[in-house]
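Rule-based calculations on the coordinates, nothing more; no lab input. Predicted model only: the values in this text are computed from it and were never measured. Using ideal geometry, Cβ is built from the backbone for each residue, glycine included, and neighbour counts are taken over all protein chains shown.
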Amino acid sequence: MENGQEMKLEIQMNDDVASGQYINMAVVNHNESEFVIDCIYIQPQAAKARVHSRLITSPHHAKRLLLALQNNVDRYEKKYGVIDLVGTESQSSNQSKH
């Protein structure tokens, strides 16, 4: 941004990325300089799971992602109702590593 002018950013996406990857688990780790988020799909009744993608980002961007997700969850719940996590609390605490 020069002279207070707002820069417009064009974001492009190829077809493979646009089709998306379904995940039902994420493992988060961090060190002093970065956060690593492994996006995983676990098939029902399977003993193994596969990491579909790994996101590596700075602590600042990780916090921005957290706030963006919280904002979207809040908007979702206002429109569709509260997301019930009963029975998944122990599972979700095991999926996040510090």
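Structure data summary
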read-out	value
Local electrostatic count, Tyr41, Cβ distance below 14 Å [Lys/Arg +1, Asp/Glu -1]	+2
Shape of segment 21-95, Cα gyration tensor, a/c cut at 1.5	oblate
